[in-house]
Amino acid sequence: MAGAELVQSIAEAYVGPAKVQRLLFIAEHSAELRQPALRLALTELSASLNTALYSDVIDKRLAGACAELGIVRNAAWVEATDRRAQQQVDKIEHDLSAAKTSLNKEAIRSCHNQLGDLHAERGDYGAALKSYVRARDYCTTTQHVVGMCLNVVKMSVLLGNYTHVLTYVAKAEQAADAAEPQLLGQLRACAGLAQLESSKYKLAAKKLAECASEAGSAELVLPRDIALCGGLCALAALSRAELRKSVLESAPFRALLDGVPRLRDAINAFHAARYADCLRELEALKPELLLEPFLHSHVDRLCAQVRTKALVSHFLPYRTVSMAAMAAAFSTDLPALEQELVALITDGTISARIDTAAGVLYAQRAEGRAASFRKAARMGDEYAHEAKALLLRVNLLRADLVVRRDDQHGHGGGAQAGSVGRQRGFAI
Amino acid sequence: MDTIVSAITSARTPDEHKALVATLRSQEELLFRHAMSLDDLCEPLSAPAHTLGLVFALNVRASALAQAGASPLASTFVQRCRLLLLHADRAQLVFAPLEFSRLCAKFLTFALPQPSGALLAVRPLLAAAAALAPTPNHITPVHALALQAAILAKTYRAALPILDATLVQIDVPRTGVTAHDVLLLHYYAGIALVGLKRHARAAQSFQLVLTAPALVLNSIIVEAYKKWTLCSLIASRAVPALPRYAATAVTRHVRSAAGAYTDLAGAFASRESAKLRRVLVQHAAVYRKDGNAGLVKQCASAFDKECIERLSRTYVTLSLQQLASAAGLGSAEQAEALLLKMAEQGELRAQVDRVRGMALFADSDGPDSDELKAGLDARLETAVALTQKLRALHDELAGDASFLAKTVTKGDRVGARAHLGPHHGADEMAVM
């Protein structure tokens, strides 16, 4: 998708805080899309109650770009909005205390939720989170519980607090019944994003690949973004068999993937062992991936993993491979390929050795016997040493022989120890 | 004086020996007054029969010598001590262990200035250590002295009886051993093992110094840490983390006390030749001052060997030029020389093709497994023996109220949290 269209589509597809966050993210990370994204974000902001972010963007975060566009802070609007918001807060809090005196559970819950909504709209996600969590004691039905959990999860995602996400997703999944596929889908997507954020790509891929199109929500993450994150994680972390099972043969996720034809083609190419095609598609997709807030910091690592996996899978069935042919299959040159292979061999990812004279890579079937003998011998030595050390230590402690500052018997200590070597000059 | 002499010559039974020690201790003043004539007193005494008398007399004699400083007299003293240490009676030493180990220390001090004195001191001190120790597993203050003498005489092999013994028992009343003696013993053992080129075992020995119960850092521990770092690099090409049972006083501060060495370990682990050379040049003066220049040099060559080995695991053939640049060696000739040396010593299986300027690495499959298997059997036996010891200790400790009370209540103060729980320790060991 071309840049300008992308910005437009985000502006159309998302609502609320997620829309602003995304547009600002693009404005901050792409010089060429900065202006349109910024303009749309500010339009959206000035229709909301989020005066804090509005001021922050214009005065600090993107002050330069705003100046270029000739945008100045509308102080009167900020003041009026703040006042209006404060009135609303006062009103809800009044309602809340009234509900509390009359012990009306449902009213209390709804007041807390309203307060949470208001804080969320003001951009104070921390306060919103607190309000939503307070509503928890007044939930009477499972639906309330699931709703509360979803609210908390949304706020936690906006705050970037992903440990919270996982605990509340688990809570909601316990409470929810199968009758709410959309809710469950959204929760699953959030859990997947949380795993992605903590760099557990395999778990993220599995979670996200379970999502169907109804898992997207305009407030948080769209089906297309789920496909991007899930597809890339799957490509990087799942084995070929898993890739087929959980991605290619899963109809709902396939439908999602069709929204991102490039990534779908890349996955298909990988599965068909056409690695050069796969990597080319991925390279072409990269600018777009980098503009995805959830993926941004992981893109390079994920792409490197895909490449490594491709190299390993390519080499796996062979006993010997011509490096020239391999370089062609990965559209790279010999020295670069050799360097990559050396790195992989050194860290033990592939078991092979390189014949530079013939330009051939030999697979090395590990000879386990000698290695395990050696390992056993080493373990034996270590055991003997550890046991000896333990005996000595316990005996020292029993006799209360501990190195103390005022060691009466210390006659010069290590100064003496060190000087033996120096004075006598024995060769060590 | 005459009463003392008769007391010494007449004592035969253990009870009499005990009484003799009490007499001698109370009469030390008298002995001091007759210090110069003690040589005559010693003349008729024989080492095995009159061990106690000789120990006291020679101790006083040494104090007098330190003031006089006469050389021929010192040589007589050393001679007498030698005979005593070689033939001391174990049964009598039980009553005066402190005096005996003090005498051993003095013996070494006076022996060193004599021609080839260190060499002459090794055997008597070894015998003395064996005589003083209640069992071959006990540590005495004399052990460290014997090792020190062996190191100064550069006869590392002579120290093997101590190096190969399982020295783990402590008996303070019988041997007068202190924490300081135990540290020195393992420190010197490490140095002797370095002399024997057994770096892996040397590292283990230094590690025993680092893991001894300690409330403060002292210079033996710091010196041991430096040598431990170097030996680990030479033997296993990496510095392991200190065991978790090491005292906090050590784990927390020892690194900063030996910065030049942690730098070296860091450079080694980075696998960058240039970085290592830079550290070597930067801290050369420190290494020299610490007397570790030789070990550091061996570290540098271990690094080069490690590079070559890594390449041999990665490549089947590699041009010498590439080999040199990948391993950070100066030239292809240098790389070839190192490669040949390693191949000759059996550390690597490789060939050099001079015509094409290529190194060929054979499949690296270590030495024959028969040899390994024999080694395994030996190790199994050691392990079983040690496990039995651990079990015995465990049972003994479970019934030792004073030890349990001490480690449980004082545990934190002594920094013994980790070595606490001999239960855990023994069980862990048993299942390993």
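The values are calculated or read from the model by the stated rules, or taken from the named source; none is laboratory data. Quantities reported herein were computed from a predicted structural model and do not represent experimental measurements. Here Cβ is always computed from backbone atoms with ideal geometry, including for glycine, and neighbour counts include all displayed protein chains.
Data table
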{"item": "Residue match in segment B:249-256 (condition: farther than 17 Å from B:His283 by Cα and within 10 Å of chain A (Cβ to nearest Cβ))", "result": "yes"}
{"item": "Segment B:283-296 residues that are more than 10 Å from chain A (Cβ to nearest Cβ) and among the small types (Gly, Ala, Ser), paired with ones that are surrounded by fewer than 18 Cβ atoms within 10 Å (Cβ to Cβ) and in a helix (DSSP H, G or I) (beta carbon under 8 Å, 6 or more apart)", "result": "B:Ala284/B:Ala293"}
{"item": "Residue that is out of contact with any Pro (no Cβ under 6 Å at 6 or more places or on another chain), of a type in the set (Val, Ile, Thr), more than 13 Å from chain A (Cβ to nearest Cβ) and touching a residue at least 24 places away in the same chain (Cβ under 8 Å), where the choices are B:Val122, B:Val168, B:Val182", "result": "B:Val122"}
{"item": "Residue check for B:Pro115: at negative phi, part of a loop (DSSP other than H, G, I, E, B), of a type outside the set (D, E, K, R) and at pLDDT below 85", "result": "yes"}
{"item": "Residues of segment B:97-115 satisfying the condition of being within 13 Å of another protein chain (Cβ to nearest Cβ) and farther than 13 Å from B:Cys81 by Cβ", "result": "B:Leu98, B:Pro113"}
{"item": "Any hit, segment A:238-258, residues being closer than 13 Å to A:Phe294 by Cβ, surrounded by fewer than 21 Cβ atoms within 10 Å (Cβ to Cβ) and not hydrophobic (A, V, I, L, M, F, W, C)", "result": "no"}
{"item": "Whichever residue in segment A:377-428 is in a loop (DSSP other than H, G, I, E, B) and within 51 Å of the chain's Cα centre (by Cα) and, among such residues, is modelled with the highest pLDDT", "result": "A:Val402"}
{"item": "Conditions (1) in contact (Cβ under 8 Å) with a residue 40 or more places away in the chain; (2) aliphatic (A, V, I, L, M); (3) more than 12 Å from every other protein chain (Cβ to nearest Cβ); number of the one not met by B:Leu280", "result": "(1)"}
{"item": "Tally of residues being within 18 Å of the chain's Cα centre (by Cα) and among the polar types (S, T, N, Q) across segment B:102-132", "result": "0"}
{"item": "Failed criterion for B:Lys341 (all others in (1) assigned to a loop (DSSP other than H, G, I, E, B); (2) within 32 Å of the chain's Cα centre (by Cα); (3) more than 10 Å from chain A (Cβ to nearest Cβ) hold)", "result": "(1)"}
{"item": "Which numbered condition A:Ser102 misses (of (1) surrounded by 14 or more Cβ atoms within 10 Å (Cβ to Cβ); (2) free of Cβ contacts under 8 Å to residues at least 12 places away in the same chain)", "result": "(1)"}
{"item": "Test for B:Arg61: is it over 24 Å from the mean Cα position of the chain (by Cα), over 21 Å from B:Arg174 (Cβ atoms) and assigned to a helix (DSSP H, G or I)", "result": "yes"}
{"item": "Scope segment A:230-244; condition aliphatic (A, V, I, L, M) and either over 21 Å from the mean Cα position of the chain (by Cα) or assigned to a loop (DSSP other than H, G, I, E, B) (or both); matching residues", "result": "A:Leu238, A:Ala241"}
{"item": "Among (1) farther than 15 Å from A:Arg353 by Cβ; (2) in contact with a Phe, Trp or Tyr (Cβ under 7 Å, 6 or more places away or on another chain); (3) at pLDDT 85 or above, the one test that B:Lys341 misses", "result": "(2)"}
{"item": "In segment B:148-162, the residues that are more than 10 Å from every other protein chain (Cβ to nearest Cβ) and out of contact with any Lys or Arg (no Cβ under 8 Å at 6 or more places or on another chain)", "result": "B:Ala149, B:Ala150, B:Thr155, B:Arg157, B:Ala159, B:Leu160, B:Pro161, B:Ile162"}
{"item": "Selection status of A:Ala304, within 30 Å of A:Gly160 (Cβ to Cβ) and of a type in the set (A, V, I, L, M)", "result": "yes"}
{"item": "Qualifying positions in segment A:365-378 - surrounded by fewer than 17 Cβ atoms within 10 Å (Cβ to Cβ) and either farther than 19 Å from A:Phe315 by Cβ or facing chain B (nearest Cβ under 8 Å) (or both)", "result": "A:Glu367, A:Gly368, A:Arg369, A:Ala370, A:Ala371, A:Ser372, A:Arg374, A:Lys375, A:Ala376, A:Ala377, A:Arg378"}
{"item": "Residue list for segment B:189-216, restricted to those being more than 10 Å from every other protein chain (Cβ to nearest Cβ) and in a loop (DSSP other than H, G, I, E, B)", "result": "B:Leu196, B:Lys197, B:Arg198"}
{"item": "Single residue of segment B:318-331 satisfying the filter (surrounded by fewer than 21 Cβ atoms within 10 Å (Cβ to Cβ), touching a residue at least 24 places away in the same chain (Cβ under 8 Å) and within 14 Å of another protein chain (Cβ to nearest Cβ)) that is farthest from A:Glu338 (Cα to Cα)", "result": "B:Gln321"}
{"item": "Residue list for segment A:111-129, restricted to those being touching a residue at least 12 places away in the same chain (Cβ under 8 Å) and either more than 19 Å from A:Gly16 (Cβ to Cβ) or not aliphatic (A, V, I, L, M) (or both)", "result": "A:Cys111, A:His112, A:Asn113, A:Gln114, A:Gly116, A:His119, A:Glu121, A:Arg122, A:Gly123, A:Asp124, A:Tyr125, A:Gly126"}
{"item": "Selection from segment A:67-107 of residues that are over 36 Å from the mean Cα position of the chain (by Cα) and of a type in the set (A, V, I, L, M)", "result": "A:Ala75, A:Ala76, A:Ala80, A:Ile92, A:Leu96, A:Ala98, A:Ala99, A:Leu103, A:Ala107"}
{"item": "Given (1) under 19 Å from B:Cys231 (Cβ atoms); (2) within 9 Å of chain A (Cβ to nearest Cβ); (3) crowded, with 24+ Cβ neighbours inside 10 Å, number of the condition B:Ile139 does not satisfy", "result": "(1)"}
{"item": "A:Pro335, sole failed condition from (1) modelled with pLDDT of 75 or more; (2) within 7 Å of chain B (Cβ to nearest Cβ); (3) over 24 Å from B:Pro213 (Cα atoms)", "result": "(2)"}
{"item": "Lone qualifier among B:Val281, B:Val286, B:Val239 - being of a type outside the set (Asp, Glu), modelled with pLDDT of 90 or more, crowded, with 16+ Cβ neighbours inside 10 Å and over 30 Å from A:Arg374 (Cβ atoms)", "result": "B:Val286"}
{"item": "Of all residues in segment A:14-28 being surrounded by fewer than 21 Cβ atoms within 10 Å (Cβ to Cβ) and modelled with pLDDT under 85, the one that is farthest from A:Ser48 (Cα to Cα)", "result": "A:Glu28"}
{"item": "Residue match in segment B:229-240 (condition: in a loop (DSSP other than H, G, I, E, B) and of a type in the set (A, V, I, L, M))", "result": "yes"}
